Every structure is written in structure tokens, then in C-alpha cells.
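Colleague: Handing you this structure, nothing more for now.
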Amino acid sequence: MMGIRVRQTHTALINQEIHQAGMAEVCVEVMGVVLAILGWCLVSSSTNSAVWRIHTQADSVMKSSSTYEGLWKSCTSNSMGVQCVTHPTTLGLPAYVQACRALMIIALLLGLASMILSVLGLKCTKLGGMKETSKGRLTLTAGLMFILSGLCVLTAVSWYAARIVQEFNDPFYIGKKSELGTGLYFGWAAAVCVIMGGAMLCGSFKRARSPKPAGGYRYKSSANQQIYKTAAHSDSSSSRAYAMAGRRVECVWKRHVAEQLKQRDRVQRQAFEEIIHQYNRLLEKSDLQVVLSERMQTEKYELQNRHDLSPGAELSRCDLLQQEMSQMRIKHQEELTELHKKRGELAQSVIELNNQIQQKDKEIQSNEAKMLEYQQQISQLEGECRELRNCLSDLERANQTLRDEYDALQITFSALEEKLRKTTEDNQELVTRWMAEKAQEANRLNAENEKDCRRRQAKLQKELADAAKEPLPIDIDDDIEVLTEETGKGTGETSPNHPMSRTPSKRASQLPPGSLLDSITNIFGVSRRRSLNSHGSPPDNTETPSGVCADVRVPSTALHVFDAHDGEVNAVRFSPGSRQLATGGMDRRVKLWEVIAGHCEYKGALMGSNAGITSIEFDSTGSYLLAASNDFASRIWTVDDYRLRHTLTGHSGKVLSARFLLDNARIVSGSYDRTLKLWDLRSKVCMKTVFAGSSCNDIVCTEQCVMSGHFDKKVRFWDIRAESTVCELELLGKVTSLDLNHDRTELLTCSRDDLIKIIDLRSNAVKQTFSAQGFKCGSDFTRVTFSPDGSYIAGGSADGVLYVWNVLTGKVEKNLDKGHSSSINAVSWSPSGSYVLSVEKSSKAILWSDM
């Protein structure tokens with residue numbers, strides 16, 4: 001009974017130890033998994049962080065902004081907020097950044113797989129019928145993968161940090177230096193957590209045990225003394241329980257004993273290794289001494305035997321020894337002779353080596369002198385490098401200051417532009433209200449004038465009726481006075497038989513009220529002569545403008561098709577004499593052609609432009625040619641000798657149009673920079689600059705007025721003398737072209753809404769609108785033109801068709817669809833009315849006529 005109680009007590013203790021050991025292992029596994037998951041979260045945060053490097057602000061003037069970078073993007077923080085920009089390219093990044101990206105992504109994937117395996121391998125999880133050994137292998141695999149993931153993170157973060165430190169300490173690094181960011185510290189912390197978690201998971205692994213012996217469990221001391229033994233074939237229940245408990249605890253105590261032995265071996269082995277090594281050496285020496293002692297004993301016995309021999313033998317032995325000695329002496333002498341020879345050879349070689357050493361010394365001295373020179377040059381270059389770095393830092397500070405000033409000016413410009421827009425809108429609204437009030441006032445004055453006129457007419461009729469009722473005597477002198485007065489005022493002759501009255505003649509003349517439109521027409525130079533007779537009717541005869549072509553031919557046939565330029569042709573214009581014409585294209589040339597018998601013969605090219613030609617204009621005499629180009633300038637050539645006379649620069653954008661004023665001494669140019677400039681050819685300077693508010697596509701001029709078509713769908717009328725806008729007219733599309741008729745009373749416009757309109761400059765209103773099925777405006781610079789007499793309009797479409805409209809009927813007169821293969825850019829009608837020339841985008845030009 002006592003033995004059974006002891007065994008039960010021992011079994012309980014063993015079970016308790018097993019339970020405690022199992023709980024400890026579960027705690028270690030759980031702590032390892034928690035640390036690894038925490039490290040994986042830190043790895044994810046570090047990978048997504050944009051603060052791997054922080055640009056230092058030691059040399060920066062602006063302290064309010066900071067810049068920092070990560071693996072995926074770079075950010076800038078200032079008073080306006082944080083702006084982040086993703087790296088635009090992957091292959092263009094440095095190699096170490098791409099490698100760090102790859103390592104961090106591999107670490108994340110390994111960590112994710114390790115978390116899944118570790119959760120499956122925990123002892124506290126039950127998934128299916130998985131054995132303890134399988135769970136242990138899963139745990140070991142997860143731990144190893146966690147350690148590998150931590151090493152990847154540690155390598156990436158340390159590599160990136162090493163590059164930052166190297167660049168910071170490099171005195172020749174010209175880029176902006178940086179410091180370590182918080183993302184790197186997160187990476188290091190993540191690597192430590194993941195590696196510790198993986199190590200704890202690996203440490204909790206247990207190997208599978210061998211099958212348990214059926215005969216019982218023995219514990220042997222060093223003297224092979226048996227401590228206890230279970231019965232091999234016990235039928236009692238207590239014996240079976242004890243055996244089961246023993247099997248369970250076998251793994252625990254055996255492993256504990258093995259670990260203790262390994263620990264003792266590690267602790268005590270190092271102290272005895274040196275002793276064992278010295279002992280081995282002593283053994284070797286003792287073996288050597290034994291061999292030597294045996295040899296000495298053998299020689300001793302041989303010497304004793306030699307002394308025991310006879311004297312004759314001793315003498316023979318001495319002779320032999322003398323012979324041997326003589327031979328040895330001869331041999332030694334020969335060896336000595338050889339040694340003397342070798343000594344001489346060695347002395348000679350020593351002399352040669354000394355000579356070589358002296359030469360090498362000289363070379364070393366020369367090299368040292370060169371090294372000193374090079375060191376001086378290096379010191380000079382270092383000084384220059386320091387000066388250049390100082391200059392570079394000064395330039396960077398100045399550049400930063402200029403950037404800040406530019407940003408401030410940009411903000412101020414935006415605010416002023418918004419203020420200008422609001423002011424313009426308010427001004428437009430005030431002008432509209434003022435015009436409405438003026439119209440109302442004019443209507444009221446007209447109504448009052450009509451009432452007054454009717455009242456005076458009624459009064460006059462009444463007086464005439466009263467005078468007719470009262471016959472009065474006629475004085476001859478009065479009749480003469482009346483005749484004299486009437487003949488002085490009238491143009492006809494009075495019959496002597498015509499009855500005269502003594503009623504004094506009264507003239508009532510009523511002038512129409514003035515308006516803003518009359519002032520505009522006066523600016524254009526168009527004078528309205530209103531003469532009233534005694535009854536208020538206008539005169540019958542009016543003057544016809546001089547210089548109008550009477551023979552305008554509507555084109556119907558393509559006379560000549562030729563390649564005008566190497567590339568797109570943008571502009572074309574006939575000279576005032578109709579014999580010459582000029583074309584301009586994207587090949588930066590203006591070419592002159594002469595029309596002879598329905599063909600265009602090439603005469604020469606005007607050189608000097610640095611970009612494509614956008615507009616061409618002859619002066620009124622045909623002696624000078626003006627061209628605008630995309631290189632922000634306008635140029636003037638003489639047609640006779642093809643020489644460049646003037647280059648007018650000052651615009652900050654492409655010059656899209658340039659025109660002579662009527663006096664040929666001034667030029668107006670319009671540009672993409674939303675300004676118009678007035679140039680004086682005598683002084684070759686810009687006289688005035690007007691800000692139009694929108695890109696100017698085309699210009700036409702009169703004596704004191706400039707009309708410009710703009711990108712914002714408006715046609716603006718400018719008074720040159722006042723530098724202000726007289727009025728504006730808004731169309732339905734972007735204005736591409738403007739042209740005036742022969743008497744400068746009508747303005748032709750073309751816009752991107754595929755409509756061509758005629759504006760009456762006397763009433764400032766759209767007079768006619770032209771369109772056609774299939775007609776489309778091909779670009780923002782498509783040019784249309786009036787015929788010389790103003791009775792026709794010619795314009796090209798985007799599909800290469802040339803349309804001719806009749807101004808009187810408003811219908812299409814001709815539709816010329818044969819010849820062009822691409823969009824028509826410009827059309828010009830010769831002043832004689834005989835020819836029309838059209839140019840297109842694909843370098844082709846066509847001369848049209850009715851012949």
C-alpha cells in the first residue's frame with residue numbers, strides 16, 4: 001500500500017510538471033506570434049511611410065517648408081498644407097531604392113505567410129486531427145520565415161540609412177543632403193520584433209520522440225544503479241496509470257537531462273581544451289624522447305663493440321677514417337670554391353640591385369615631387385570646389401528667394417486678374433445700363449421733338465391759312481427782296497408770273513440726335529453727309545469710292561497647282577499690283593511668286609525668321625512686306641532686293657497677326673500673350689501696348705481704329721489715340737479671321753462656329769450671316785477674304801473645299817471641291833479681281849480663276 005501511494009504521489013507530481021511545461025510552451029508560442037504580428041504591422045507602416053529621408057534645412061533660406069521622401073512618394077509641407085507626389089517612374093529610380101522596395105514587399109509576403117502558419121501551429125488551436133509533431137514543424141517553419149522576413153527588413157532599412165549617411169558625409173556630393181526619417185526607425189523596430197518573435201517560435205519546437213519501451217522506464221546513475229522499475233506485466237490499475245504517466249513524462253525528463261548535460265559540456269569544455277592540447281604535446285615529446293633514448297642506447301652498444309676489436313682492425317679503421325676525412329676535405333674545398341663563385345655572383349647581383357635601388361630612389365624622388373605638385377593642384381582644386389560650392393549655395397538661396405517671390409507675384413497676379421475680371425464685368429454692366437438709359441433718353445427726346453415739330457407745323461399751317469384769307473398789296477421792292485433771297489438760297493429759277501407773298505420765309509431744319517454709333521463711324525473715317533432741303537429730304541446724288549475693281553471674276557477652274565513650302569502653309573497675300581503674291585509657311589520662309597499667264601513662277605525667298613510664318617501683309621505701295629511669326633517677332637523686308645529691314649521684338653508669345661496702318665509708317669501686331677502693340681517704323685520702337693485680355697488671332701486697321709478678333713469670341717474696336725476699347729461685339733465662336741471691304745464700312749469675320757458674318761461698322765451690328773452645308777472652319781487661324789469690290793466672299797473649309805458666297809443674295813455662288821486634299825488655311829483675292837489663291841496644311845497652293 002505504501003508503494004502504491006508513493007507511485008500515485010509521483011504520478012501527480014509528474015502530471016503537474018507536464019502541465020506547467022505545456023503552459024510555458026504555449027505562452028512562449030503566443031508571445032512569439034504576438035511579437036511577430038506587431039513587427040509585421042510595423043513593417044507595413046514603414047513600407048507605406050513617406051518619411052524615410054528628411055531633407056536638411058541647414059542651408060535653406062525658407063524654414064517654413066520641409067521636404068521628405070519615401071519609397072513610393074515625396075511630400076512637401078508648408079503653410080499651404082502637405083502636397084505629396086508619387087514617383088513618376090520606377091526604372092528611373094536609383095538601384096538601392098528599387099532593391100529596398102523589393103525587400104520590403106518580400107518581407108511583407110513572408111510575414112503574412114508566417115502568421116498563417118504560426119496560427120495553425122499553435123498548441124492552443126485545434127484544426128482537424130493534426131498531430132503535435134506536425135504542429136511543431138509548422139511552428140518551426142513559421143519562426144524561420146519570420147526571421148527571414150526580419151532580415152529582409154533589416155537589410156533594406158540599413159542599406160537606405162547607409163546611403164543617407166554616406167551622402168551626408170560626402171563633401172563632394174552636390175545634391176541636397178538628407179537626414180534619417182521616422183520610417184527607418186519603424187523599420188528597425190519592426191525587424192527586431194519580427195526576429196524575436198521568430199526566435200521564440202523556433203525555440204518552442206519539439207522533435208518527435210522514438211517509441212516507448214514496453215518493459216518499463218529505468219533511470220540509471222553513474223554507477224548503473226537501478227532506481228525504480230515498473231512491472232512489465234502488471235494487471236493492477238495503479239500500475240497501468242503509473243506506466244501511462246511515466247510514458248508522458250519520459251519526453252520531459254529525458255530532454256531536461258540532455259539539456260543539462262549539453263549545458264555542462266558547453267561550460268566545462270572550454271576550460272579543459274587548453275589542458276588537453278598541452279597534454280597531447282607532452283605525449284608527443286615523451287614519444288620523441290623514448291625514440292632518442294633507444295637510438296642512444298644502440299650507439300652506445302656499437303661503440304663498446306668497436307673498443308673490443310683488435311689493434312690491426314683499429315689501424316685499418318683509422319686509415320679508412322683518414323681517407324674519408326680527405327675526401328670530405330676535398331669535397332668541402334669544392335663546396336667552398338662553389339660558394340666563392342656564388343659569392344661573386346651574388347656580389348655582382350648586389351651591385352646591380354644597388355644600381356636598380358638608386359634608380360628606383362630617383363624615380364621615387366621624382367614621383368614625390370610630382371605628388372607634391374599634384375597635392376598642390378588638389379589643394380587648389382579643393383579651394384575652387386569650396387568656392388564653387390559657396391557660389392552654388394548662394395545661387396540656391398537666390399533661386400529659392402526668386403521662387404518665393406515668383407509664387408507671391410503669381411498669387412498677387414491671380415488676385416489682380418480676378419479683380420480685373422470682376423471690374424470688367426461691373427464695367428460691362430454699367431455700360432449696358434448706361435446705354436439703356438441713353439436709349440431711353442434718346443427716345444424721350446425724339447418723342448418731345450416730334451411733338452414740338454407737329455405743334456410748330458400745325459401753328460405754321462394755321463398762320464398760312466390766315467394769311468391766305470387776308471389779301472395784301474404787294475410792293476415791288478419787297479418782291480425784289482424776296483426774289484433775291486430765294487435766288488441766294490435755292491438752286492432753281494423762279495418764273496416772273498409766279499405769285500409772290502409778303503409772308504416772311506421761315507426755314508425749319510431738324511438734325512437727327514447724335515449717338516455713340518456716330519462717334520464710332522467718325523473714328524472709322526466714314527463721314528455721313530446728311531443735307532436737307534427745305535422739305536427735309538436728302539440729296540439724290542452720292543459719291544462712289546474710287547479705286548474699286550469693276551471686273552471681279554468668280555473662280556471656277558484651278559489654273560495652277562504647286563507645292564509652295566516644305567510643310568504647312570499658313571498665310572497668303574497678293575501685292576497691290578496683283579502681279580506678285582507672297583506665301584508663308586512652317587518652314588520659316590516667305591516666298592515670292594509672280595503670276596504670269598495663269599501660272600505662279602517662283603521669284604525668291606525672304607529669310608530671317610526663326611519660326612513658322614503666321615501672317616503676311618504688303619504696304620499700300622507694294623514695296624515692303626510685313627510678316628508675323630511664331631518666334632515672338634514681326635519682320636519687314638523690301639520686296640525689290642529681298643533684304644530684311646526691321647525686326648520688331650517685344651511680345652512674350654507667338655505673334656499671330658500684324659498689319660500696316662494707312663500711313664505705312666506704323667504697324668499694329670497682335671499676339672498670343674493677349675496684348676496688342678503699336679510700332680513706329682521711323683524710330684523702330686513700340687509706342688503703345690494694350691492688354692486685350694485674350695489671345696489675338698487677327699487684326700484689321702483704319703486711320704485711327706484697330707479691330708481685333710480674339711480667342712474669347714469677341715471682336716474689339718480700339719481707338720489708337722485713346723488706348724481704350726471703343727466697344728466690343730461678341731460672336732458665337734472663337735474669331736479666326738477679319739477683313740474689310742473696299743470702302744471700309746463693313747467688317748468680315750470668320751469664327752469656329754462655322755459661320756461667316758458681315759458687321760456694318762456704321763450701326764455696329766451684324767448685317768449678314770453666311771454658312772453652307774459641309775463648310776467647317778479648319779483651325780483657329782483660318783482666313784477668309786472679301787472680293788475687291790466687296791460683292792463676294794471666299795473661304796476654305798476643313799475638308800479642302802473652297803466656297804464663294806454672293807453678298808447680295810447670301811447664297812453660295814461656287815463650290816470648288818477639286819484640288820485640295822487637306823484643310824484650307826488661307827485665301828487671298830487679287831486686287832484686280834482675276835485670281836484667287838488658296839493654301840492648305842499639306843504644303844499645296846492652288847491658283848483659281850474663271851478662265
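The values are calculated or read from the model by the stated rules, or taken from the named source; none is laboratory data. Because the structure is a prediction, the values reported are computed rather than measured. Cβ coordinates were reconstructed from backbone atoms using ideal geometry, including for glycine residues, and neighbour counts include every protein chain displayed.
Colleague: How about the range 776-810: which of its residues are over 38 Å from the mean Cα position of the chain (by Cα), in a loop (DSSP other than H, G, I, E, B) and of a type in the set (Gly, Ala, Ser)?
Modeller: SER787, GLY790, SER791, GLY810
Colleague: Does the range 162-200 hold any residues that are of a type in the set (Phe, Trp, Tyr), assigned to a helix (DSSP H, G or I) and either touching a residue at least 12 places away in the same chain (Cβ under 8 Å) or more than 17 Å from LEU151 (Cα to Cα) (or both), and which are they? Talk me through it step by step, then tell me what you get.
Modeller: Taking the range 162-200 first, the residues of a type in the set (Phe, Trp, Tyr) are 168, 172-173, 185-186, 188.
Adding the requirement that they be assigned to a helix (DSSP H, G or I) leaves 168, 185-186, 188.
Scanning the range 162-200 gives PHE168, PHE186, TRP188.
Every residue, every condition in (1) polar (S, T, N, Q); (2) in contact with a helix residue (DSSP H, G or I) (Cβ under 8 Å, 6 or more places away or on another chain); (3) under 22 Å from VAL572 (Cβ atoms), yes or no:
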residue: PHE660; (1), (2), (3): no, no, yes
residue: ASN664; (1), (2), (3): yes, no, yes
residue: ASP698; (1), (2), (3): no, no, yes
residue: GLN704; (1), (2), (3): yes, yes, no
residue: PHE711; (1), (2), (3): no, no, no
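Colleague: (1) surrounded by fewer than 16 Cβ atoms within 10 Å (Cβ to Cβ); (2) modelled with pLDDT under 90; (3) of a type outside the set (Val, Ile, Thr): which one isn't true of GLY121, the others all being true?
Modeller: Result: GLY121 fails condition (1) only.
Colleague: Can you name the condition, by its number, that ALA243 falls short on among (1) at pLDDT below 75; (2) closer than 30 Å to VAL119 by Cβ; (3) in a helix (DSSP H, G or I); (4) small (Gly, Ala, Ser)?
Modeller: In the conditions (1) at pLDDT below 75; (2) closer than 30 Å to VAL119 by Cβ; (3) in a helix (DSSP H, G or I); (4) small (Gly, Ala, Ser), ALA243 misses (2) alone.
Colleague: Another question, if that's okay. Among the residues of the range 124-141, write down those that are surrounded by 13 or more Cβ atoms within 10 Å (Cβ to Cβ), at pLDDT below 80, of a type outside the set (Ser, Thr, Tyr) and assigned to a helix (DSSP H, G or I).
Modeller: The answer is LYS135, GLY136.
Colleague: Additional query: Quick test of your reading of the structure: ASP426 fulfils all but one of (1) modelled with pLDDT of 90 or more; (2) under 30 Å from ASN764 (Cα atoms); (3) surrounded by 11 or more Cβ atoms within 10 Å (Cβ to Cβ). Name the failing condition by number.
Modeller: Unmet condition: (3).
Colleague: Kindly evaluate SER832 against the criterion of being among the small types (Gly, Ala, Ser), within 18 Å of ALA597 (Cα to Cα) and out of contact with any strand residue (DSSP E or B) (no Cβ under 7 Å at 6 or more places or on another chain). If you could, list the steps in order and put the result at the bottom.
Modeller: On the way: among the small types (Gly, Ala, Ser): yes; within 18 Å of ALA597 (Cα to Cα): yes; out of contact with any strand residue (DSSP E or B) (no Cβ under 7 Å at 6 or more places or on another chain): yes.
When the stated conditions are applied, SER832 passes them.
Colleague: Another question, if that's okay. Considering only residues of the range 811-824 that are in a loop (DSSP other than H, G, I, E, B) and in contact (Cβ under 8 Å) with a residue 60 or more places away in the chain, which is surrounded by the fewest Cβ atoms within 10 Å (Cβ to Cβ)?
Modeller: First, pick out the residues of the range 811-824 that are in a loop (DSSP other than H, G, I, E, B): 811, 817-823.
From what's left, in contact (Cβ under 8 Å) with a residue 60 or more places away in the chain: 818-819.
Numbers: LYS818: 11, GLY819: 19.
Within the range 811-824, the match that is surrounded by the fewest Cβ atoms within 10 Å (Cβ to Cβ) is LYS818.
Colleague: With respect to SER620, is the statement that it is in contact (Cβ under 8 Å) with a residue 24 or more places away in the chain, polar (S, T, N, Q) and surrounded by 23 or more Cβ atoms within 10 Å (Cβ to Cβ) true? Don't jump to the end; show me each part of the working.
Modeller: Details: in contact (Cβ under 8 Å) with a residue 24 or more places away in the chain: yes; polar (S, T, N, Q): yes; surrounded by 23 or more Cβ atoms within 10 Å (Cβ to Cβ): no.
Answer is no for this residue.
Colleague: A further question on this structure: Which one of these does ASP817 not meet: (1) within 20 Å of GLU746 (Cβ to Cβ); (2) modelled with pLDDT under 90; (3) among the charged types (D, E, K, R)?
Modeller: Unmet for ASP817, out of (1) within 20 Å of GLU746 (Cβ to Cβ); (2) modelled with pLDDT under 90; (3) among the charged types (D, E, K, R): (1).
Colleague: Filter the range 776-794 down to the residues that are in contact (Cβ under 8 Å) with a residue 24 or more places away in the chain and closer than 16 Å to LYS734 by Cα, then identify the one that is surrounded by the most Cβ atoms within 10 Å (Cβ to Cβ).
Modeller: Residues of the range 776-794 that are in contact (Cβ under 8 Å) with a residue 24 or more places away in the chain, as a first pass: 777-794.
After this cut, where a residue has to be closer than 16 Å to LYS734 by Cα as well, the list is 777-784.
Working: CYS777: 24, GLY778: 19, SER779: 16, ASP780: 17, PHE781: 18, THR782: 24, ARG783: 29, VAL784: 24.
Only one residue tops the list, namely ARG783.
Colleague: Can you name the residue in the range 568-618 that is of a type in the set (S, T, N, Q), closer than 17 Å to ASN630 by Cα and part of a strand (DSSP E or B) and, of all such residues, is farthest from the chain's Cα centre (by Cα)? If you could, list the steps in order and put the result at the bottom.
Modeller: To start, the set of residues in the range 568-618 that are of a type in the set (S, T, N, Q) comprises 570, 575, 578, 580, 583, 609-610, 614-615.
Checking which are closer than 17 Å to ASN630 by Cα leaves us with 570, 583, 609-610, 614-615.
Applying the additional criterion that residues be part of a strand (DSSP E or B) yields 570, 583, 614-615.
Working: ASN570: 30, THR583: 37, THR614: 28, SER615: 32 Å.
This residue is THR583.
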